[in-house]
Amino acid sequence: LQKMLILLQVTLSVVVGKTLMILFPNAMKRYILKMGEKSRMNQNPKFSYENWGPTFFSFKYLKFVLKVKWKRLEDEAYEGHPAPNTPVVTLGGEVCHLLDFMEDNRPLILNFGSCT
């Protein structure tokens, strides 16, 4: 049921977004560029709007967003239950899973932060 609701929500947003891109291309370009500012996509001069902007609200976009949202359904953690085995990417670019880093009966500690 959750997957069907997500499918409906994402499909509707893609259809509306694609329609708005056709009807109001300049306004949608400004909107997408504003979203790009938040994610810093537009700070790379070699990665212009023409490279990534038109991909918004495409069929590939729909498939990607569905895949991410459906995967997140599996990543929920509940107290007293086993931790989800979330995929992670190493600094070398290798994709593995979080629980691959477990050793014997030692606890796995995750530390999130930054050094600034």
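Could we say that VAL10 is farther than 30 Å from LEU110 by Cα, more than 14 Å from the chain's Cα centre (by Cα) and surrounded by 13 or more Cβ atoms within 10 Å (Cβ to Cβ) here?
The answer is no for VAL10.
Considering only segment 96-116, state which residues are within 24 Å of VAL68 (Cβ to Cβ) and open to solvent by 100 Å² or more (accessible area, probe 1.4 Å).
Of everything in segment 96-116, those that are within 24 Å of VAL68 (Cβ to Cβ) and open to solvent by 100 Å² or more (accessible area, probe 1.4 Å) turn out to be PHE101, PHE112.
So PHE47 fits all but one of (1) within 30 Å of PRO87 (Cβ to Cβ); (2) open to solvent by 70 Å² or more (accessible area, probe 1.4 Å); (3) part of a helix (DSSP H, G or I); (4) at pLDDT below 90; what number is the exception?
(3)
Regarding VAL65, is this residue free of Cβ contacts under 8 Å to residues at least 12 places away in the same chain, part of a helix (DSSP H, G or I) and either farther than 29 Å from LEU5 by Cα or of a type outside the set (Lys, Arg) (or both)?
No: the conditions fail for VAL65.
The values are calculated or read from the model by the stated rules, or taken from the named source; none is laboratory data. In this text, all values refer to a predicted model and were calculated from it rather than measured experimentally. Using ideal geometry, Cβ is built from the backbone for each residue, glycine included, and neighbour counts are taken over all protein chains shown. For accessibility, only protein heavy atoms count, side chains too; no ligands or nucleic acids. Shrake-Rupley method; radii C 1.70, N 1.55, O 1.52, S 1.80 Å.
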